[in-house]
Each structure stands twice: as structure tokens, then as C-alpha cells.
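A short reminder: the numbers here are calculations on the coordinates, not readings from a lab. Since the model is a prediction, treat every value here as computed from it, not as a measurement. Note that we place each Cβ from the backbone using ideal geometry, even for glycine, and neighbour counts take in every protein chain shown.
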Amino acid sequence: MTDQGDNARICENEGAATGLTARESLTLETAALNEFQTAAHLHLPATLQLEQLDRVTVWAYMQHYGAPTRLLDWTESLYVAAYFAAEKELTKSILAESSLQDRG
């Protein structure tokens, strides 16, 4: 497992893109991790003990359930990549269209 110093160095480049300092990035990441661990028992199998897993594995579970993490999604399938690239915009478009129909 990495220590806070290693995590701070990892976040330095990431923070430059978001406007956050490394410490702020780590604070947000820790808060998200704690929140996920608090509520994960509602969604994960009872046999899975998050406390016994390494941080990267917990991040993978977080990402699977839609939480923001520092992990990158990776696929070799063009179709899967296209789906995830367009999914958010398609959802926005459907919601906007549904909202307009409700008004009219």
C-alpha cells in the first residue's frame, strides 16, 4: 500500500488539471472512499469485506458503482468505448426531450 506522501506526489499532476492542490485532492478522495465504505454494504455481497481489500480494489468497486476515482476506464472494444463516450450526452438528450414533452 502507498503512504500519504506517495499519494500526494501522484495527485500533483492531477491537481494541476482540476485546480486543486494535492492535499485538497487527497481530502476529496478520502471523503469519497469513506462515504463509499459506509454505504457499500447496501449494494455489495455480505461476504465481501472492504476493510480487508487494498485501496485500488476498493477504487475499482467504487468506479463500478459510479463514484469518481483516479482510475481510468480501459477497453479494447470499439463498441464499448463508443457507448461510454456517448452515454452521458444521450441521457441528457433523452431527459431534455422528456422534460419538453411534459411541459407541452
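Annotations for the structure displayed:
- Inter-site label distance for Gln52 and Ser77 at 7 Å from Cα along Cβ, in nm: 3.1 nm
- Label separation (Ala32 vs Leu90): 2.4 nm, computed from points 7 Å beyond Cα along the C-beta direction.
- Potential lengthening between Gln63 and Ser98 on full extension [0.36 nm per residue; Cα-Cα distance subtracted]: 9.8 nm
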